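See below for the structure under consideration.
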Amino acid sequence: EPEVTQTPSHQVTQMGQEVILRCVPISNHLYFYWYRQILGQKVEFLVSFYNNEISEKSEIFDDQFSVERPDGSNFTLKIRSTKLEDSAMYFCASSEVREGGTEAFFGQGTRLTVV
Amino acid sequence: AQKITQTQPGMFVQEKEAVTLDCTYDTSDPSYGLFWYKQPSSGEMIFLIYQGSYDQQNATEGRYSLNFQKARKSANLVISASQLGDSAMYFCAMREPGGYQKVTFGTGTKLQVIP
C-alpha cells in the first residue's frame with residue numbers, strides 16, 4: 001500500500017541551527033501539507049502546497065519556515081535558526097485532488113528536538 | 001472559535017466492548033469532510049474513516065463506524081469489539097470547503113482498552 005515516508009524519524013539539533021525535514025508523498029498525490037504537534041498538544045496545521053506553491057499557511061508558518069519541492073518526489077520543510085519551542089513532532093501529509101475532497105495520508109512523523 | 005470539539009480527554013473501555021468517541025464541529029458551509037485519525041504511542045497518524053457532508057449513509061470501515069448527525073453537527077466514532085491495540089489517541093478532524101485545503105484537528109481523546 002502506498003504511504004508517505006518521512007526522514008529522519010528523529011532529529012536533534014542545537015538551538016540556532018537550521019534543519020531540513022524531508023518527506024516523500026504518495027506518488028499520484030498533488031496536495032502536500034506540513035503539520036506540527038507539540039508534545040501532549042493537538043495537531044496544528046502549518047502549510048499546504050499545490051502546483052509548486054504555497055496554497056495556504058497558518059500564523060505559525062512565519063519567515064523562519066519554508067517549504068520546497070526540489071524534485072518530483074521530495075517535499076521538504078526547512079526551519080531556520082531553530083528555537084527550543086520548535087521541538088515537536090512534524091507530520092507531512094499528502095492527498096489527491098478529487099471532487100468533494102479526500103482524506104490526507106500522514107507520514108510517521110519526524111520528532112524534532114532542539115537543545 | 002473552536003471548529004472541532006472533542007469533549008472527552010480520556011475514555012476507558014473493556015476489551016470486546018464497543019465505545020463511542022464524541023466529536024462536534026462547527027462550519028457554515030454545506031460542503032465539508034470529516035475524518036478520524038488514530039495516533040498510537042509510537043506517534044504516527046493513522047487514517048481511520050472519512051465522512052463527506054453529502055454522504056447519505058454513515059461511513060463504516062471494519063470495526064469503525066461514524067455516527068454522522070448533520071443537524072446536530074456531530075460525527076462520533078464508534079469502535080466495536082475493542083481490542084487492546086485500539087489504545088491510542090483519537091483525533092477528529094474536518095476539511096472545509098475547497099476540497100483540498102487544510103484539515104483542522106480536535107484536541108483528541110485518549111482511549112484505554114482494559115483487558
Practice item. Order by neighbour count: A:I54, B:I4, fewest other Cβ atoms within 10 Å first, most last. Key: A:I54, B:I4
Exercise for review: In whole Å, largest first, what are the principal axis extents of the Cα atoms in the range B:1-44?
Suggested key: 38, 23, 19
Practice item. Quick one: what are the phi-derived ³J(HN,Hα) couplings along the range B:35-42, Karplus 6.51/-1.76/1.60 with θ = phi - 60°, whole Hz, x for glycine and proline? Key: 9, 10, 10, 10, 10, x, 4, 6
Exercise for review: Give A:K42/B:K3; A:K42/A:K83; A:K57/B:K3; A:K78/B:K110 a once-over and call out the pairs whose C-alpha atoms are over 23 Å from each other.
Suggested key: A:K78/B:K110
Review point. With +1 on each Lys and Arg Cβ and -1 on each Asp and Glu Cβ, how big is the dipole of the range B:18-85 about its Cα centre, in debye rounded to the nearest 20?
Key: 160 debye
Review point. Given springs between every Cα pair under 10 Å in a Gaussian network model of chain A, which of A:Q64, A:Q17, A:Q41 has the largest fluctuation?
Key: A:Q41
Review point. ³J(HN,Hα) across the range B:78-86 via Karplus (A = 6.51, B = -1.76, C = 1.60, θ = phi - 60°), whole Hz, x for Gly/Pro?
Key: 10, 10, 8, 6, 3, 10, 4, x, 7
Check your understanding: Quick one: what do you get for the protein assembly as shown if you divide its Cα Rg by 2.2 N^0.38 Å?
Key -> 1.01
**Study point:** Pairs of alpha carbons in the range A:1-89 whose separation is greater than 14 Å (percent)
**Key:** 66 percent
Exercise for review: Would you mind computing, in nm to one decimal, how far apart the modelled labels at B:E15 and B:S41 are, each placed 7 Å from Cα along Cα→Cβ?
Suggested key: 1.6 nm
Revision key, fill the gap. Most exposed to least, judged by fewest other Cβ atoms within 10 Å, B:E96, A:E18 sort to A:E18, B:E96
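Every number in this text was worked out from the coordinates using simple rules, so none of it is lab data. Because the structure is a prediction, the values reported are computed rather than measured. We place every Cβ from the backbone using ideal geometry, glycine too, and count neighbours over all the protein chains shown.
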